[in-house]
Amino acid sequence: MSETRSDGELLRAVAAERDRRAFEELYRRYAPWLTARLRGRCADAGIVDDVVQETFLAIWHGKARYREDGDAAGWLWRIGSRRLVDALRGDGARGRLRQALARLRHRDEASAEERVLAGVEHGDLAGALVRLSPELRAVLQATVVDGLTTREAAVLLGIPPGTVKTRAMRARKQLREALT
């Protein structure tokens, strides 16, 4: 039985020796985790799968170098999340449309946030959210539920970062007024 190598040892073996077994172990260890995290940011499974593959290819080809200044998971997340933003930015309107269609296809799969909102009494938060314009709801979805930064939400929604900030402020103000 072989001994389990640390993430740092695997990454060093991939970078220095192009060790295929180390790369495969790293992939088995982190690809499912990275896929799950990215799917929390993007409903299009095809884009997510491409981004995961691009992330690991960057490691294999030496385009991404681990400097051992943090944990491997955080390092992989930074690479993957940046590549996701790049993929969404590069796709432009076609990518946003594909993202919207993927969300519609998965409407029967309620997210944890949607289940919580469904349990809220009528007239409270759920009602206030429903009364928001689609543009304001989209910004809240991207920034609050999906946890995207203003810049990432701007790329995803195809609007300037200043517009994201303005819509988020308007949405919060309307929610406060509706709930008081």
Q | Efficiency of FRET between Ala73 and Val130 - r from beta-carbon atoms, R0 30 angstrom, step 0.05 | A | 0.20
Q) Given R₀ = 22 Å, FRET efficiency for Glu9-Lys63 by Cβ-Cβ distance, to 0.05? A) 0.60
Q: Return Asp49, Asp7 ranked ascending by Cβ neighbour count within 10 Å, so the fewest neighbours appear first.
A: Asp49, Asp7
Q) How do the peptides 75-81, 55-61 rank, highest first, by the average count of neighbouring beta carbon atoms within 10 Å per residue? A) 75-81, 55-61
Q: Find how much the distance from Ala16 to Arg151 grows on full extension, using 0.36 nm per residue of separation minus their present alpha carbon separation; answer in nm with one decimal.
A: 45.1 nm
Q | FRET efficiency estimate (nearest 0.05) - Cβ-Cβ, Arg28 to Arg82, R0 30 angstrom | A | 0.85
Q.
With the crude spin-label approximation of a point 7 Å out along Cα→Cβ, what separation in nm comes out for Leu179 versus Thr163?
A. 2.7
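Just so you know, all these numbers are worked out from the coordinates, no wet-lab data involved. Predicted model only: the values in this text are computed from it and were never measured. For neighbour counting, all protein chains shown are included, and Cβ atoms are generated from backbone atoms with ideal geometry for every residue, glycine included.
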